[in-house]
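Structure in structure tokens, see below.
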């Protein structure tokens with residue numbers, strides 16, 4: 001028996017298909033006995049794993065771990081499981097261990113790390129357990145040798161999603177518990193149509209894992225999977241979790257053609273420069289296929305900063321896209337990484353001014369403002385911050401309040417980001433999100449939107465962002481009175 005654990009990562013109303021664990025399950029389906037334990041659905045995952053271990057001979061506990069809340073959940077669950085079942089090997093895979101393999105192996109309750117794509121690696125690891133195969137020959141695996149030293153095997157070549165079996169959604173029964181209301185629809189699902197990204201932005205944690213590589217599912221397979229979820233389970237909307245959904249115009253146009261008959265509303269992520277190259281006809285097709293909102297990494301309004309990030313776009317392109325996409329009825333969602341380590345105050349000022357320019361061009365544009373937090377990068381971290389920050393050496397330290405707040409950008413406590421600049425960023429974020437509440441918050445009542453817009457309008461008009469205490473109060477007041485979703 002193999003236990004596939006997806007530790008809790010989100011609140012119940014944000015629960016989605018655990019795609020990472022399902023991908024591993026697809027590789028095991030029909031060949032191995034396994035059970036999925038999803039902490040986003042199971043309120044007592046530790047007890048469930050303990051029961052499975054008492055009823056079966058468990059060969060491996062495989063855990064999918066993202067930084068932040070899921071990593072904190074994984075630490076507690078794996079520590080407890082190791083105490084109760086010390087002879088069961090534990091392997092971590094996913095973004096956190098792929099970024100911090102040595103840190104993960106420093107935990108006494110983790111024996112192996114799978115870096116990057118894990119479908120083939122876990123199969124070979126199980127074979128090594130049974131056939132005494134040398135662990136050093138398994139690509140993508142990190143482990144501790146007989147002396148406790150860390151061994152990192154060669155990288156595993158990236159494989160296309162087309163090479164792997166369909167995901168075994170039936171192992172998540174009832175599947176309907178994962179199809180929940182969003183601004184896109186009443187029964188929203190999620191899907192990965194590609195893996196990786198071919199770009200090398202120096203603030204991005206995807207680059208160290210996939211090293212500028214991307215493999216994409218053929219449009220026919222994507223449409224087939226989504227059509228099945230629609231027919232069998234009533235899915236009416238989908239969020240694509242790809243790092244770069246729009247790789248080329250021909251692929252996007254074919255995907256739009258095949259999605260159109262499904263009448264699904266959808267959200268995806270793309271690049272500004274790529275999208276600008278698309279013809280008006282292609283953009284109309286994309287909108288007709290159900291595209292409702294597209295996320296774009298704008299990152300900065302300064303071309304100098306964008307060059308330092310190796311973003312390979314210009315501020316002028318962002319403005320051009322903000323204006324152009326409006327006529328197609330697609331909402332752009334622009335993300336900004338604020339707090340350039342070399343000039344955080346000036347970077348913040350430029351970003352605020354630039355966001356205001358976007359809003360003048362396209363008032364419907366959604367804005368995400370986030371502090372820059374560094375992650376290890378093969379090309380050097382953005383801002384040249386090597387030596388200016390020391391990451392935790394164990395998952396337990398990452399799980400402390402100080403580093404948890406760093407991960408979720410709540411209070412990163414960066415040595416180059418003065419407190420007054422951080423407050424400026426946070427205050428502007430509060431003002432703009434109150435002036436234009438996101439359409440994605442379907443639990444926000446109409447009166448709550450009107451209250452936030454009324455209270456924030458003078459601040460946005462005058463550019464006075466300091467001490468927005470009335471907005472902080474209003475947000476809490478509205479949150480206390482949001483409707484409860486009985487179905488959740």
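The values are calculated or read from the model by the stated rules, or taken from the named source; none is laboratory data. Remember, predicted model here, so these are calculated numbers, not experimental data. With ideal geometry, Cβ positions are generated from the backbone for all residues, glycine too; neighbour counts draw on all protein chains shown.
Quick one: what pairs do we get from the stretch 201-224, first residue more than 17 Å from residue 241 (Cα to Cα), second part of a helix (DSSP H, G or I), C-beta under 8 Å, 6+ apart or different chains?
Cβ pairs passing all conditions: 201/207; 202/308; 208/98; 208/99; 220/258.
Filter the stretch 259-282 down to the residues that are touching a helix residue (DSSP H, G or I) at 6+ places or on another chain (Cβ under 8 Å) and surrounded by 22 or more Cβ atoms within 10 Å (Cβ to Cβ), then identify the one that is nearest to residue 249 (Cα to Cα).
275
Among the residues of the stretch 166-176, is any more than 20 Å from residue 25 (Cβ to Cβ) and surrounded by 17 or more Cβ atoms within 10 Å (Cβ to Cβ)?
The answer is no, given that none of the residues of the stretch 166-176 is more than 20 Å from residue 25 (Cβ to Cβ) and surrounded by 17 or more Cβ atoms within 10 Å (Cβ to Cβ).
Quick check on the stretch 207-218: of everything there that is part of a loop (DSSP other than H, G, I, E, B) and in contact with a strand residue (DSSP E or B) (Cβ under 7 Å, 6 or more places away or on another chain), which residue is modelled with the lowest pLDDT?
Within the stretch 207-218, the match that is modelled with the lowest pLDDT is 213.
From the list 341, 412, 376, 392, which one is in a loop (DSSP other than H, G, I, E, B), within 26 Å of residue 98 (Cβ to Cβ) and in contact with a strand residue (DSSP E or B) (Cβ under 6 Å, 6 or more places away or on another chain)?
Every option except 412 fails the conditions.
Now for a different question. Can you say whether residue 157 is under 30 Å from residue 262 (Cα atoms) and surrounded by fewer than 22 Cβ atoms within 10 Å (Cβ to Cβ), as far as the supplied structure shows?
no
Which strands (runs of 3 or more DSSP E) sit wholly inside the stretch 1-119 and have at least 3 residues that are more than 30 Å from residue 236 (Cα to Cα), out of contact with any strand residue (DSSP E or B) (no Cβ under 7 Å at 6 or more places or on another chain) and in the same structural domain as residue 139 (by TED's automatic domain parsing)?
In the stretch 1-119, no matching strands (runs of 3 or more DSSP E) lie anywhere.
For residue 312, which of the numbered conditions (1) out of contact with any helix residue (DSSP H, G or I) (no Cβ under 6 Å at 6 or more places or on another chain); (2) at negative phi; (3) not in a helix (DSSP H, G or I) fails to hold?
Of (1) out of contact with any helix residue (DSSP H, G or I) (no Cβ under 6 Å at 6 or more places or on another chain); (2) at negative phi; (3) not in a helix (DSSP H, G or I), only one is false for residue 312: (2).
Spot the failing condition for residue 162; the list is (1) exposed (fewer than 14 other Cβ atoms within 10 Å of the Cβ); (2) more than 22 Å from the chain's Cα centre (by Cα); (3) in a helix (DSSP H, G or I), and only one is missed.
Of everything listed in (1) exposed (fewer than 14 other Cβ atoms within 10 Å of the Cβ); (2) more than 22 Å from the chain's Cα centre (by Cα); (3) in a helix (DSSP H, G or I), residue 162 misses just condition (2).
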